[in-house]
1. For the range A:82-88, just list the computed ³J(HN,Hα) in residue order, Karplus coefficients 6.51, -1.76 and 1.60, θ = phi - 60°, integers in Hz, with x standing in for Gly and Pro.
2. Just A:V170, A:V65, A:V13 to compare: in a GNM of chain A, with alpha carbon springs under 10 Å, which one fluctuates most?
3. Let me check I have the definition right: for the range B:74-208, take the eigenvalues of the Cα gyration tensor, multiply each by 5, take square roots. What are those semi-axes in whole Å, largest first?
4. Determine the gain in length on full extension of the stretch B:A274-B:E206; use 0.36 nm per residue of separation and subtract their C-alpha separation, reporting nm with one decimal.
5. Please arrange A:K33, B:K622 by accessible surface area, largest first, computed with a 1.4 Å probe and ligands excluded.
6. Separation of the range B:275-344 and the range B:165-212 by C-alpha centroid, Å?
7. Per residue of the range A:242-259, what does 6.51 cos²θ - 1.76 cosθ + 1.60 with θ = phi - 60° give for ³J(HN,Hα)? Whole Hz please, x for Gly and Pro, Karplus curve as stated.
8. Pulled fully out, how much extra length does the chain show between A:L133 and A:L4, if you take 0.36 nm times their separation in residues and subtract their Cα-Cα distance?
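The values are calculated or read from the model by the stated rules, or taken from the named source; none is laboratory data. Quick caveat: nothing in here was measured; it's all calculated off a predicted structure. Here Cβ is always computed from backbone atoms with ideal geometry, including for glycine, and neighbour counts include all displayed protein chains. Side chains included, ligands, DNA and RNA excluded: accessible areas come from the protein's heavy atoms. Shrake-Rupley method; radii C 1.70, N 1.55, O 1.52, S 1.80 Å.
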Amino acid sequence: MLKLILRRLVQMVLIMAVSSLLLFAIFDTPEFKKRLAVQELGGFAVSALTEESYKSWLAARGLDVPFYQRYANWVGNILSGDLGFSYEKNRPVGPLLADRLANTGILAFFVFALMIPLSLILGILAGMKEGSLQDRSISFISVLTTSIPEIASAILLTVIFALGLGWLPVKSAMIGGFSFRELILPVLTLVIYDFGYVARMTRASMAEVMTSQYIRTAILKGLPYRRVVMRHALRNALIAPFTLIVLQLNWLLSGVVVVEVFFEYDGFGKLLLEAALFPDVEVVQACTLVAVAVAVLSQIISDIGYTFLNPRIRFA
Amino acid sequence: MSDHAAEQVPVLECRNLCISYYTRAGEIPAVVDFNLKLMPGEAHGIVGESGCGKSTVALAIMQYMGKNGAIVGGEILFEGRDMRQMSEEELRQIRGSRIAMVYQEPMASLNPSMTIGDQLVEVPIYHDGLSEQEALARAEEMLAKVRLPDPKRILASYPHQISGGQQQRVVIAMALLSNPRLLLLDEPTTALDVTVEAGIVDLINEIAEEFGTSMIYISHNLGLILETCDRLTVMYSGEAVEVGDIHDVFEEMRHPYTRGLFGSIPLPGADKNAHPLVAIPGQLPLPHERPEGCNFGPRCTFFRDGLCNVGRLPMHAVPGDDDHKVRCERFQEIDWDRDLPKGEAKPPVEAGGTVLSVEDMTKHYLIEDGGLFVRGGERVVKANEKLSFTAREAETVAIVGESGCGKSTFAKVLMGLEDATDGKVMLGNVELGDLPVERRNAETISKLQMVFQNPFDTLNPSHSVGSQIARVIRKFGVASKDEEVEEIVFRLLDTVKLPRDFARRKPRQLSGGQKQRVGIARAFAGNPKVVIADEPVSALDVSVQAAVTELLMDIQRQNRTTMLFISHDLSVVRYLADRVVVMYLGRIMEQGTTEDIFAPPYHPYTEALLAAVPIADTRIEKRHIVLKGEIPSPTNPPKGCPFSTRCPYMMPGTCDVELPPLRSFGGGHRILCHLDPAELTAMEPVIKPKTEAAERL
Ligand SMILES: Nc1ncnc2c1ncn2[C@@H]1O[C@H](COP(=O)(O)OP(=O)(O)OP(=O)(O)O)[C@@H](O)[C@H]1O
Ligand code: SF4
Ligand code: SF4
Ligand SMILES: [Mg+2]
C-alpha cells in the first residue's frame, strides 16, 4: 500500500512537470506574448508600440529571457513557495488561489453534504428490490436529472426561485461577504446534475450484492429483512460508490465552470477560465498544479478507502 | 421402535411438489411431482447430475425461490404444517432455527466484510433472544464442537483468513447454533479436497448421532451418500426416478438410469481392460426439451414404444422392499443379466520405450508480499520440487494430488507456458525444461498436446468446430490440401463419436460432453506422442464422464499415445492408470504401478487419500483414517517432511526436521518417508471386501 502511494506521488510530480512544461512552451510563442501585451497595455498602445518599446516591455516582464531559464526560475520559485503574480487581478497568485480554493471548498462541501445522503439512500432503495416499482421510478428520475445539462437547470432554477418567487438572489458573487442564501442555487444545480449518476452506481452495486450468496445465507438464517440490508448488504454495497464519490472532487474543482460563471460564483473553475482567456500565465500554471494534485490525491484517498472498506484486502 | 414410528409425525414431507422458473423462454418446470417423507433422526440423500433439480428442492423447502422461481403445485409440510401457508414472519422464525442449511461454496456463503463471530452470534440473538455475551459464548462452544482449533481466533477472523475446510465448518456451526430439527446440506463438500471432505463427512455423521437432527444430503457423488444416509432419492431431469432404503437401492437398483449410473462410475474391481465402464449413451435433455413420457426414454436400452412414451409416468412400489419406488413402466420385466449392455474386454496394451523423462524438475515462483502499510519482501513458492519420473509409449501415468500440490504447474512447464527453474524434462531427445512454447518448433509442439479441464473456455467461440480442428492439422503439417484436411477432420469426428455435420457447428451449439470430445479431437489432430489430460472429465456430468473417459482411452490405445492423466480422483486413477505418481505440496511422495499404489506398503499420505475417497459399493469395507488439519500453504511448507503436520505416523524430532529418504520397493515403487521399510510393508490394506462375518449380520 505504501508502495502504491509512493508510486502515485511520483506519478503526480511527473504529471506536474510535464503539464507545466507544456503550458510554458505554449505561452512562450510570440503570438501569445503579443496577446499579453495587448491585454496589458491596451490595443492602441500596442499598435503604436515601436519594436524597441515592445522589447523593453518584454524585458520589464522578464519575458526576453530564454525559455529554459525562465522555466528553471519558475520551478525554483514554486519550490520556495512563491506561486507568482497575477497581472490580470494585480495580486500575488498565492492568496488569490487560496481565496478561490476556499470558495470551491465551501461549494463542494455543501454539494457533497446534500448529494451523498440523497444519492446513496436512493441508490440503496432502488437496488434493494431490483425491478420493483420503487426501483424503476428512482432509476427513471436519476436518468432524467443527469441528462439535463447543468446550464439548463441553472436557468430553470433561477427563473423559478430568483426571478419568479424572488426567494433567492440571482447571482452568487458574494460582494457583501459570505452569504448562505447566495450559495443555494449553485449547490442545487450541481446536486441535481450529479446525484442521479452516483445513485445509479449505488443501485447497481446494491443490486449485485443483494443477489450474492451471502445475502441468501443471511436471509435463510432467519434475520429480519432490515438487518439483512443494514448489516449485511450495506457495507459491501457502498465500496464502489465511495470510490466514485471521492473522484467527484475533480469534477467539482474544475468541471463546474459553467455553473460558477453563470452564478458569478468566484470559485476555482472560474479563476482558471479567466486566467486562460487573459492569458494570465502564472495563474494558469498554479491552477494546473493544484488540479493535478487534487486528482492524484483523490485517487490515493479512494485507494486507501477502498482498502479499508474491504477486509479482504486489508487483512490479506 | 417400529411401533413408535407409526405415530411419529414426519419432520418434513413433500407431496407432489412442482417447482418452475420463469424465464424469457417461458415457464421451465425444474422439478415435477416430487415426494419425500423424512422421519425424525433420518438422513435422506438426493443424488443426481447437474441441473436435475436438487438445489431447487432444497431452496423450495426453505421457501426461497428467488425472483423468478415459484412453487406451482403440491405441499411442503414441516412438522405437519404446510409451509406454503405460513406468513413471512413465521418463515423467518423457522429459517436458521428449525431448518438450517449448509451450502456448496462456503467462501461465497459467508459475508466477506463481517467477522465470523459477528455472523455467528446473530443466530442465537435473533432466534433465542440471547445477549451478545451469551451468544458469543455459545458460538465459541459450537466452533469447538465442529472441531475448529482455536475458536477465539476464528471468531475474530474474516472469512478469507481461514481455509475452505474451516469455512465449511463455520457454516456448519452456524447451522447448528439453534439446534435445528432439519439440516439441509447442498453439496457441502464439493468445493473441498478429498482429505478435507472426509473430515467434514465424519463431522456430519457425528452431528446426526449427537443431536438427532434429520438431514437432507444433496450430492452428485453416490459414494458420499452411502457414507451419510439411510434413504435415498435418485433424480433425473427434474423427477425422482427411484426412492428407497440405501441398501435396497445400492444392492438392487430397479431403474435403468440408476443401473446406468452405477455402471458408469469406476468402483473397485472395474478395470479398463477386463471390465471397462459402460457409459450411458446420449446426454441430459434440457428442461424444456423433455420427451413425452419417460424422461430417460431416449437414452434407455429398455425403451418400448407405446409404453414408455405416453403420458406422465407414475411411481411404482417395488414389491417386497420397504417403501422402495421406481418411476419405470418395465422394471419388473427387465432381465438385467441378459439385457444390460456390458463392456467388452480388451487385451492389455504393452508399453513401449521411454518417451518422456523428468529428472529433478523444479519450479519456483517468486511472489511479492506485503500488508497494508508494510513493505514486504519476496517469498519463494516451491510449486514443484525435484520431480523425477518417466513415462513410456502407450502408457497412462496418473498424477494425483489435492489442491496446491503442483499438478497444474507441472503441466504448464511441460507445455512450455512456464520455464523450469531447475532440472531436466526430456521428450525423446529434446530438452523442454527451459524451452518456452514460442521457441519450440511445430514438430515439438505437435508431439505434446493437452486436453483441458474446462471444455467451455478452451474453444474459440467464433469459429466452427471443423475449422478449429483443421487449423491444428495444417499447423502441424499433417496435411495441407483442403480435401485431405477435410477428410482427416471427418475421421477425427468419427473417432470421437460425433456426427460429421458437427464440423460446421459453433462451440455454443454443443453440450459440455460434446465440447470435450472436440477438445480431444483437436488434441489428437497432430498425432501427438504425449497427451496431458488435466482433469479432463471433472467438469462434465457423471453420466457422460464415462463415455469421454472411454473414448480418450480408446484413441490412446489405437495411437499408442503416452497419456499423463492429472486428477484428484483416485477411483478414476485406479481404473485407468498403469502407473501413478502421488504428489503433495510440490513433491512426489510415492510412485509405482497402479497395483503397487493401491496395496501396502503405502505412503502415509496415500493411505489417507485412499481412505478418504468415498466408494459407492456396499460390499466394500474401508479403514477409517481421518487426517487432522488442512493442507498447508505452499508458500509456507512445513520443515522436514511436507506431510508431517498431518501425518498420523509422524515421529517428532525426525519427520519435522529432516527431509525423508526415498525408499525403493522394487519395480519402480518408491516412497518418500522416514518410516522403516518393514513398518511400511506391514500396513493393512485400506480397501477390502466385507468379510463373511459382517455379511451374515
Ligand atoms: N503464477 C504463479 N505465481 C505464483 N504462484 C503460483 C503461480 N501459479 C501457481 N502458483 C502456486 O503454486 C502452487 C501449485 O499450484 P498448482 O496450480 O500447480 O496446484 P494444483 O495442484 O493444480 O491445484 P488445484 O488442483 O487446486 O488446481 C499453488 O500454491 C499456487 O498458488
Ligand atoms: S419407462 Fe421405459 S424408457 Fe423409461 S426407464 Fe423404464 S424402460 Fe426405460
Ligand atoms: S516422513 Fe514422517 S511425517 Fe512424513 S510421511 Fe513419513 S512418517 Fe509421516
Ligand atoms: Mg490445478
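1. Along the range A:82-88, the couplings run 9, 8, x, 10, 8, 6, 5 Hz.
2. For chain A, modelled as a Gaussian network with Cα springs under 10 Å, the answer is A:V65.
3. Computed over the range B:74-208, the values are 25, 19, 13 Å.
4. 20.5 nm
5. From most accessible down to least: B:K622, A:K33.
6. For the range B:275-344 versus the range B:165-212, the Cα centre distance is 34 Å.
7. After applying 6.51 cos²θ - 1.76 cosθ + 1.60, I find 4, 4, 4, 5, 4, 6, 5, 3, 4, 5, 5, 6, 10, x, 10, 3, 3, 5 Hz.
8. Extra length available between A:L133 and A:L4 comes to 42.1 nm.
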